[in-house]
Amino acid sequence: DTEVTQTPKHLVMGMTNKKSLKCEQHMGHRAMYWYKQKAKKPPELMFVYSYEKLSINESVPSRFSPECPNSSLLNLHLHALQPEDSALYLCASSQVRGGVYGYTFGSGTRLTVV
Amino acid sequence: AQSVAQPEDQVNVAEGNPLTVKCTYSVSGNPYLFWYVQYPNRGLQFLLKYITGDNLVKGSYGFEAEFNKSQTSFHLKKPSALVSDSALYFCAVRDYNTDKLIFGTGTRLQVFP
């Protein structure tokens, strides 16, 4: 298995809802990442997990809450989002932190906040 | 600070012709450079990377890139373009301190039949 799987592919949520995005990989990678991509823009890093511990938080608002319950799974919990949070959320993984082995991206979850 | 620049918003090429998508970088230290392709409403697909070694890097789908230290460039090339290569291409550099990928603004490649 050489894929990063993200679910759901599409999500529409209201500003008062709570939802979660899920990312899964079975490549034995120990670094996992969340990126946010607005329309017609490049992806921007949100969080980095290394060996299930949060390593980097790029000053992301607390309405985004990441979780890494085990080495294969990465969640992004969403609460009280704003319409400007509508974007494509991409998960990525790497064998370890550092980029030597490259990064594998999932297909993303397209989130619309109404 | 690490950065990459993609000077062309769009590149147009006829099918069968060679294509080049340009990327220049600015880093302190040795760069880790990457190319990704993104099809509409899809995630990023890895094409190739340069970490160290040979300056000519061969990647997926017939793409290659040449690392040029003196010109601080990492241009993506393919000898013969296909209509199916039409997509958005991102060059990226790894930030050493944070392990994040810093992407260029992207270049839209349009291959005409």
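Nothing in this text is a laboratory measurement; each read-out follows from the coordinates by a stated rule. Because the structure is a prediction, the values reported are computed rather than measured. Here Cβ is always computed from backbone atoms with ideal geometry, including for glycine, and neighbour counts include all displayed protein chains.
Summary value for chain B: 37 percent relative contact order, contacts being C-alpha pairs under 8 angstrom separated by 6+ residues. The alpha-carbon positions of segment A:1-80 define a convex hull whose volume is 104 Å³ per residue. Annotation: for a label point projected 7 angstrom from Cα along Cα→Cβ of A:THR5, residues of segment B:46-69 with backbone N closer than 20 Å are B:46. Model label sites at B:ASN68 and B:GLN45, defined 7 Å from Cα along the beta-carbon direction, differ in position by 2.7 nm.
With contacts taken as Cα pairs under 8 Å at a separation of at least 6 residues, chain A carries a relative contact order of 37 percent. Distances between every pair of Cα atoms in chain B, grouped in 10 Å steps from 0 to the bin holding the largest one, split as 15, 50, 30, 6, 0 percent.
For B:SER28, B:SER80, the sequence from fewest to most other C-beta atoms within 10 Å is B:SER28, B:SER80. Over all Cα atoms in segment A:10-51, the spread is summed up by Rg and Dmax: 13.3, 36 Å. In loop segments of segment B:14-113 as defined by DSSP, the GluC sites (Glu not before Pro) with at most 15 further C-beta atoms inside 10 Å of their C-beta are B:GLU15.
For the pairs A:LYS19/A:LYS41; B:LYS58/B:LYS78; A:LYS53/B:LYS100; B:LYS22/B:LYS69; A:LYS41/B:LYS78, note any where the Cα-Cα span goes beyond 19 Å. Distance filter (> 19 Å) returns A:LYS19/A:LYS41; A:LYS41/B:LYS78. As a proxy for reagent exposure, ranking A:HIS29, A:HIS79 by other Cβ atoms within 10 Å from fewest up yields A:HIS79, A:HIS29. For the protein assembly as shown, count all C-alpha to C-alpha pairs, find those more than 22 Å apart, and express that count as a whole percent of the total. Of the Cα pairs, 51 percent sit more than 22 Å apart.
At q = 0.13, 0.16, 0.25, 0.31 Å⁻¹, what is the log10 ratio I(q)/I(0) for segment B:8-66, with the Debye formula run over Cα points and no solvent? For segment B:8-66 at q = 0.13, 0.16, 0.25, 0.31 Å⁻¹, log10 I(q)/I(0) is -0.42, -0.63, -1.30, -1.40. A cysteine counts as unpartnered when no other cysteine's C-beta lies under 4.7 Å of its own; in chain A this applies to A:CYS68.
Considering only beta bridges that DSSP places wholly inside the protein assembly as shown, some 90 percent are antiparallel. Calculate the FRET efficiency for A:HIS77 and A:LYS38 from the Cβ-Cβ distance with a Förster distance of 22 Å, rounded to the nearest 0.05. Once the sixth-power term is evaluated, E becomes 0.60.
For the segment A:89-102, counting C-beta atoms of other chains within 10 Å of every residue's C-beta and taking the mean gives 3.
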